[in-house]
1. Inspect all residues belonging to segment 90-98 and state whether any of them is more than 22 Å from residue 211 (Cα to Cα), aromatic (Phe, Trp, Tyr) and in contact with a helix residue (DSSP H, G or I) (Cβ under 6 Å, 6 or more places away or on another chain).
2. Quick check on segment 291-315: of everything there that is over 23 Å from residue 106 (Cα atoms) and open to solvent by less than 10 Å² (accessible area, probe 1.4 Å), which residue is nearest to the ligand (Cβ to nearest atom)?
3. Tell me yes or no: at least one residue of segment 411-421 is in contact with a Pro (Cβ under 7 Å, 6 or more places away or on another chain) and at pLDDT below 90.
4. Quick check on residue 265: is it among the aliphatic types (A, V, I, L, M) and without any contact (Cβ under 8 Å) to a residue 12 or more places away in the chain?
5. Hey, does segment 347-355 have a residue that's assigned to a strand (DSSP E or B), in contact with a strand residue (DSSP E or B) (Cβ under 6 Å, 6 or more places away or on another chain) and not assigned by TED's automatic domain parsing to the domain that holds residue 265?
6. Considering only residues of segment 440-469 that are among the hydrophobic types (A, V, I, L, M, F, W, C) and more than 16 Å from the ligand (Cβ to nearest atom), which is most open to solvent (accessible area, probe 1.4 Å)?
7. Evaluate the following for residue 335: is it within 20 Å of residue 101 (Cα to Cα), touching a residue at least 12 places away in the same chain (Cβ under 8 Å) and away from the ligand (no atom under 15 Å from the Cβ)?
8. Would you mind finding the one in 37, 72, 43 that is over 30 Å from residue 460 (Cα atoms) and not hydroxyl-bearing (Ser, Thr, Tyr)?
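The values are calculated or read from the model by the stated rules, or taken from the named source; none is laboratory data. From a predicted model like this one, the values you see are computed outputs, not experimental measurements. Here the Cβ positions follow ideal geometry from the backbone for every residue, glycine too, while neighbour counts run over all protein chains shown. Surface accessibility is based on the protein's heavy atoms, side chains included, excluding ligands, DNA and RNA. Shrake-Rupley method; radii C 1.70, N 1.55, O 1.52, S 1.80 Å.
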Amino acid sequence: MVTSPGDIVIDANMKHTEGKAAMIVWSQATRTVLGVLVVLVILVVLAGAVSIPFRFESSSMLYKFGSAKVMLQIGKVLGMVAGVLLLIQLLWSARIRFLDRIFGLNNLFRFHRLMGITIAACALLHPILVYLPDNTLIIPLTKRYWPELVGLGLLLCILSMAITSTFRSSLRLPYEFWRTAHRVAAVVVTAGLAVHVLNVSDSFGRGVPQTATYWAIGLWVLLFAWMTAHRFWIRIRPHTVAAVEPAGRDTVRLCVRPRTGRAFAYAPGQFAFIRIRSAGVRSEEHPFTIASSPQRPKELEFVIRLCGDWTRSIATVQPGDQISIDGPYGIFSHFRCNGHAELVMIAGGIGITPMLSMLRYMADSNDHRKITLIWSNKTKDDVVLVDTFRELESRLPGLRMHLFFTRGPEAATTGDRLNRVILERLLMDSGRDAAVFICGPEGMMAGVAKVLPGLGFSHQRIFTERFSL
Ligand SMILES: Cc1cc2nc3c(=O)[nH]c(=O)nc-3n(C[C@H](O)[C@H](O)[C@H](O)COP(=O)(O)OP(=O)(O)OC[C@H]3O[C@@H](n4cnc5c(N)ncnc54)[C@H](O)[C@@H]3O)c2cc1C
């Protein structure tokens, strides 16, 4: 049986569970210190790489002077930046727990995307600046220039990765197809990078630059192997489906139990990747918030909106089907704030699930702090788990819940967008030092997060969670 430090025996007393869960979300101070250390290490690696064209000058520099030399140097520096950022891209997407606890997986994936665009820009400028001093942009198609031609192939690959990732939705690329192609391309690009760097310039033909390149590629291969092994074998927690029940329009509750007798600790609001083994469901991994209370580790609950091909197939899942879980991940939890901080929760549609977990946890631990929940849905029929929320309202005396509708007859009474005027009214009684949690569609989150500082809420205490990676 595979266990990890976060595992807890199901019958252990609740305090034990609570302690483990609290340790999963690190304090702001710890995260800041570790975050700064991670950034410093990366800056040192980058600085070392960028110094190579100066400290180990290649023969191509020898007969360049003035602006031609500067251009060539900048071109080489950009190439080094692209190479280093490319190799460390894996760090942001490998689901490394240590980095998740500091930055949150959601932010790491966004950073990975942003870095992809930066790499594409540096990789594009690199050959332009390297070749311009020779008054040419054309690489002769001869055997002698094969390392440059490998570089050209690499550039095309990097550009297509950046374009398909940025415009995946507009290009209508199915997520799973895109992800598989992206992983294969990452391996091809890394191999191409090693061949290009080690052969294109005599700076890398010997000494420190050559050794550093071998080390960097070796570490990348190890990390890739570790990531694959973890995803498929080591980190997976086996569970069994206990029930699949309707939770509202186009929404189901999926309840699962640990198969090994060991539950895992998680903080309310965190999410996990699930893979269901059932006849009617494709074997893919999808991220979902753990909507249950960590105080009740015997059964985990996911509340899932049936919005696409894969989620719709969940309706065919049967009790007894096997499910593997990789998690918990994320830092979107009220555990980030001090014990009695007032909370404001603003959810859009199925973005209510992290709030549900936090509210359930607070109800289970008799936490009577002041909480304002604003929940925006299209219509009344889109509200899920009506009875659950009614029960939570009765168990949490500090909870004030406002339902908000954007369409249909109900929208006429509430107003159809959570704008400044409406938020000001709904948050009239909330303290401006409250911690604010926002989760919902992109547009709604961006709009609300923009308005709140103007109403007196601190930027530092506004936390968001995106339902897309
Ligand atoms: C941190 C997080 C927590 C989430 N929590 C919940 C929740 O509690 N309840 C809920 O209903 N939904 C939740 N989601 C959204 C859920 O993961 C997607 O709705 C689901 O994966 C869509 O799958 P689909 O193939 O049916 O839909 P599609 O229509 O094929 O996909 C819709 C979008 O979902 C994303 N997506 C699709 N497949 C994957 C995948 N394998 N991995 C990652 N993203 C994918 C893509 O951005 C895609 O554009 C969460 C997402 C994230 C990132």
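1. Looking through segment 90-98, at least one residue is more than 22 Å from residue 211 (Cα to Cα), aromatic (Phe, Trp, Tyr) and in contact with a helix residue (DSSP H, G or I) (Cβ under 6 Å, 6 or more places away or on another chain).
2. The extreme case among them is 314.
3. no
4. Criteria not met by residue 265.
5. yes
6. The residue in question is 446.
7. Judged against the criteria, residue 335 is a match.
8. 72
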